[in-house]
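Asks: This structure is in C-alpha cells; I'll ask about it shortly.
Each value in this text was obtained by applying a stated rule to the coordinates, not by laboratory testing. A quick note: this is a predicted structure, and the numbers were derived from the prediction, not measured. Every residue, glycine among them, receives a Cβ derived from its backbone with ideal geometry; neighbour counts consider all protein chains shown.
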Amino acid sequence: MQTQANVFKAYDLRGVYERDFDEELAYKLGLAYCLWRGQELAAARQLTVIIGHDMRLSSPVLSQALAQGLVAGGAKVLDIGLCSTPTFYYAVAEQSADGGIMVSASHNPKEYNGFKIVRDRAKPVSETSGLLELRDLVLNQLLTPVSQPGNYQELAGVLDRQIDYDLSLAGNQPIKSFKIVMDPANAMGGPYFEKLLAKLPQISLIHMNWPLDGSFPNHEADPFKPDNIQPLSQMVVGQQADLGIATDGDADRIFFVDNLGQPLEPGVVRAIMAKIFLAERPGSTIAYDIRPGRITLDTIVANGGQPLVTRVGHSLIKAAMLENNAYFAGESSGHFFLNMQHGCYEVPGIVALKLLQALSASGQTVAEFVSPYNKYAHSGEINRRVPDPAAKIQLIADHYIDGQPDFLDGVTITYPDFWFNVRASNTEPLLRLNLEAVNPEIMAAKRDEVLALLAD
C-alpha cells in the first residue's frame, strides 16, 4: 500500500494500521535505518540494532517485517520481544547497541501503531535529528537489500536485568508497607510493575485491567484523560488503598492517584522528584516542558537547581537534557526522565520507588504529602479541532498582546495571575490548551475565555 507521509510525526512514526501504513513500511524502515545509521557512523562494521514491540494486535507482524528489513540491510538484530518502551531503551543502552526501533503507538487507540527510533545510548531520533532524512529514504528512494545480509536472534532476560538496575539506581532508602492499586490498562506497565513490586514484599498490589490485550477492552491506555483514570480513583477509595498507579500503552508514562482518589498533577509529581533529585545532585539542571506547571519552577529554584524549559515531546526533551547535561526532567503528560551513565530515557519505575521512599520517610498519607505542592489551579489539557491551527495560535497571541509571550512551542502567554500554552499536537490534528492560575476562579474564567477564542 501507499504509505501516507503524515505517518512521520515530530518525534516518531504513528498512524492507523492498514490505512496509513502496513508491513511494507516496517520493512522499508528497517532497510532505511541500516543505510542511514551506517552512513552516520561511517564505519565498516555490522550494525547492532535492538527491536521490541508492545501488545497491540498489529505489533507482532510489524515487528517481524521490521526485523526482516533490518536483516536485509545487513544489521545484527537483537529482538527483546514483548516489552515496555523503557525496557526497550534500557536494552539499547545495556547492549551498547548502535540504535533501535520500538513498535508501539503509545497511548493512541487500538487501531493505531507506530515506531520509536533511537541511536546508541537510546538517544532519540526526531524531526530535528534525523527523522526527516529517514522519511525521505523510506518514501522517495528505491531501497534494496545489501549483498551480505545480517542476522537475527532473540535476547532474553532484559526485563529482569532492568528491574535490578532500576532498584540499584533508586537506592536503599526504606519503604514501608503500602497497599497499591495499579491499572496498566491491559498494556505494558503490568509485566514491569509485577516484577518490580515483587521485590518489595511489604507492598500489597491490587490488580486492575491486568492481562495484556491490545484491543483495550476496558478503556484506552491513556491515563492523561480523566475518564480513563476515574475507575482507578474509585478502586483506590473502595479498597482503602494508600496509592493508585496508572501507566499508558507502552508504559513510558506514569500517573498517580492519592489515598482520597484524587489524581496527582504530573507537574506536582515532577516538582516532588525535582526536590528529591536535587538533594542527591545539588545544583543540577532540571528540565521541564513549556506547558504550565509552575510548581516545578518554584521547587527547582527553592532547592538551588537550574531550570531548563523545553519544547513538548519525549524525543525533544531528552535531546535538550543531553545537550544541557540536565540530570532529571519531567513532562506535563507524565513522562519522567533520568540522565544516567549509560543512557537518558524514561524511568517510571524509579519515580515510583522514589515516591514510595519519600512517603515512607514523611509518615504522611499521599494526600497530606502532596498538599503543599497544590498551589495553583490547572485546567488540565483541553483539546480542540480547528481548521487552521497556525492562524488560531496567531489570533491568541494578538489577543493577549499585553501579556508576556513565548513562542518556543506554540504560544505561551504569561500574566501575573494566570498563564497558558496553546500548541498544535505532534501526534493528532488538534490544538491543546493548558492553563494555570493562582486560584480556581481565575483559572475557570480565563480557561473559558481562551476556549471561546479557539471556537470563533
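Asks: With a ≥ b ≥ c the root eigenvalues of the C-alpha gyration tensor of segment 140-215, is it rounded (a/c under 1.5), prolate (a/b larger than b/c) or oblate? Can you show the working numbers first?
Replies: Values: a/c = 3.60, a/b = 1.97, b/c = 1.83.
Since a/c reaches 1.5 and a/b is larger than b/c, the shape of segment 140-215 is classed as prolate.
Asks: Roughly what percent of Cα-Cα pairs across segment 266-367 reach past 25 Å?
Replies: Values: 538 of 5151 pairs.
When all Cα pairs of segment 266-367 are counted, 10 percent exceed 25 Å.
Asks: FRET efficiency for LYS176 and GLN341, Cβ-Cβ distance as r, R0 = 35 Å, nearest 0.05?
Replies: On the way: r = 30 Å, r/R0 = 0.85.
In this case the efficiency is close to 0.75.
Asks: Let me ask something additional. Which peptide among 406-413, 30-37 comes first, and what is the full order, when sorted by highest mean count of other Cβ atoms within 10 Å? Please report the intermediate quantities before stating the final value.
Replies: Numbers: 406-413: 18.9, 30-37: 23.9.
Those peptides, ordered most packed to least, come out 30-37, 406-413.
Asks: How far apart, in nm, are two points set 7 Å out from the Cα along the Cα-to-Cβ line at GLN153 and at ASN325?
Replies: 3.7
Asks: Apply the a/c threshold of 1.5 to the C-alpha gyration tensor of segment 5-156 and tell me whether it is rounded, prolate or oblate. It would help to have the intermediate numbers written out before the result.
Replies: Working: a/c = 1.39, a/b = 1.16, b/c = 1.20.
It comes out rounded by the Cα gyration axes.
Asks: To continue, here is another question. For the chain, what is the convex hull volume of its Cα atoms per residue in Å³? Please list the in-between numbers first.
Replies: Details: hull volume 62.8 nm³, N = 456.
It is 138 Å³ per residue.
Asks: Expressed in nm to one decimal, what extension gain is obtained for the pair ASP298 and THR128 from 0.36 nm per residue of sequence separation less their Cα-Cα distance?
Replies: On the way: separation 170, 0.36 × 170 = 61.20 nm, distance 3.01 nm.
My answer for the length gained is 58.2 nm.
Asks: Can you compute the helix-only [θ] at 222 nm over the chain? Use -39500 (n - 2.57) per DSSP H run of at least 4 residues, normalise by all residues, nearest 500 deg cm²/dmol.
Replies: On the way: 14 runs with 171 residues, N = 456.
It lands at -11500 deg cm²/dmol.
Asks: Using the structure shown, list the pairs from LYS176/LYS354; LYS9/LYS225; LYS123/LYS375; LYS176/LYS199; LYS176/LYS275; LYS123/LYS225 with a Cα-Cα distance above 24 Å, or answer none.
Replies: Values: LYS176/LYS354 12 Å; LYS9/LYS225 21 Å; LYS123/LYS375 35 Å; LYS176/LYS199 13 Å; LYS176/LYS275 21 Å; LYS123/LYS225 28 Å.
Checking Cα-Cα distances, LYS123/LYS375; LYS123/LYS225 exceed 24 Å.
Asks: Something else now. Net charge near ASN259, counting Lys/Arg +1 and Asp/Glu -1 over other residues with Cβ under 10 Å of its Cβ?
Replies: Working: positive: LYS179; negative: ASP242, ASP258, GLU368.
Its environment carries a net charge of -2.
Asks: Could you calculate the FRET efficiency of SER360 with GLN306 from 1/(1 + (r/R0)^6), where r is the beta carbon distance between them and R0 is 30 Å, rounded to 0.05? Walk me through the numbers on the way to the answer.
Replies: Details: r = 29 Å, r/R0 = 0.95.
That gives a FRET efficiency of 0.55.
Asks: Can I ask one more? Just flag the GluC sites (Glu not before Pro) in segment 16-61 sitting in loop per DSSP whose Cβ has no more than 12 other Cβ atoms within 10 Å. Mind showing how you got there, number by number?
Replies: On the way: sites: GLU18, GLU23, GLU24, GLU40; in loops: GLU18.
Here the sparse-neighbourhood loop sites are GLU18.
Asks: How much net charge surrounds THR365 when only other residues with a Cβ under 10 Å from its Cβ are counted (Lys, Arg +1; Asp, Glu -1)?
Replies: Around THR365, the surrounding residues sum to -3.
Asks: Right, something else. Run the quick spin-label model on VAL237 and VAL146: label points 7 Å from Cα toward the beta carbon, then report their separation in nm to one decimal.
Replies: Label-label distance for VAL237 and VAL146, simple model: 5.9 nm.
Asks: If you keep only loop residues by DSSP, which trypsin sites (Lys or Arg not before Pro) in segment 379-456 have at most 12 other Cβ atoms within 10 Å of their Cβ? Walk me through the numbers on the way to the answer.
Replies: Working: sites: ARG384, ARG385, LYS392, ARG423, ARG432, LYS446, ARG447; in loops: ARG385.
In loop regions of segment 379-456 (DSSP not H, G, I, E or B), the sparsely surrounded trypsin sites (Lys or Arg not before Pro) are ARG385.
Asks: For segment 377-455, state the semi-axes of the equivalent ellipsoid (square roots of 5 times the eigenvalues of the alpha-carbon gyration tensor), sorted largest first and rounded to whole angstrom. Don't skip to the answer; put the middle values down first.
Replies: On the way: eigenvalues 72, 38, 24 Å².
Ellipsoid semi-axes (Å, largest first): 19, 14, 11.
Asks: In segment 188-264, which trypsin sites (Lys or Arg not before Pro) are in a loop and have at most 12 other Cβ atoms within 10 Å, using DSSP for the loop call? Write out the running numbers ahead of the final one.
Replies: Values: sites: LYS195, LYS199, ARG253; in loops: LYS199.
Those satisfying the criteria are LYS199.
Asks: Right, next: Looking at the square roots a ≥ b ≥ c of the eigenvalues of the Cα gyration tensor of segment 305-456, which shape do they give, rounded for a/c under 1.5, prolate if a/b is larger than b/c, or oblate?
Replies: Working: a/c = 2.24, a/b = 1.44, b/c = 1.55.
The shape class here is oblate.
Asks: While we're looking at this one, here's another question. Report the antiparallel proportion of the DSSP beta bridges in the chain as a percent, rounded to a multiple of 5.
Replies: Of all bridge pairs located within the chain, approximately 55 percent are antiparallel.
Asks: Same structure, new question: Once the piece of chain linking LEU200 and ASP417 is laid out straight, how much longer is it, given 0.36 nm per residue of separation minus the C-alpha distance between them?
Replies: Working it through step by step, the gained length comes to 73.7 nm.
Asks: For ASN228, what is the net charge nearby, where nearby means another residue's Cβ is under 14 Å from its Cβ and Lys, Arg count +1, Asp, Glu -1? If you can, show how the numbers build up before the last one.
Replies: Values: positive: LYS110, LYS225, ARG253; negative: ASP183, GLU220, ASP222, ASP227, ASP248, GLU381.
The answer is -3.
Asks: Cut-off is 10 Å between beta-carbons; in what order do PHE328, PHE277 appear when sorted fewest neighbours first? Walk me through the intermediate numbers first.
Replies: Numbers: PHE328 27, PHE277 20.
The most exposed by this proxy come first: PHE277, PHE328.
Asks: I need the peptides 116-125, 79-88, 55-64 ranked by packing, meaning the mean over residues of other C-beta atoms within 10 angstrom, with the highest value on top. Each step should come with its number before you reach the end.
Replies: Details: 116-125: 22.6, 79-88: 24.7, 55-64: 20.9.
Averaged packing, sorted descending, gives the order 79-88, 116-125, 55-64.
Asks: Sticking with this structure for a sec: Find how much the distance from ARG45 to ASP160 grows on full extension, using 0.36 nm per residue of separation minus their present alpha carbon separation; answer in nm with one decimal.
Replies: Values: separation 115, 0.36 × 115 = 41.40 nm, distance 3.00 nm.
The span from ARG45 to ASP160 would gain 38.4 nm if fully extended.
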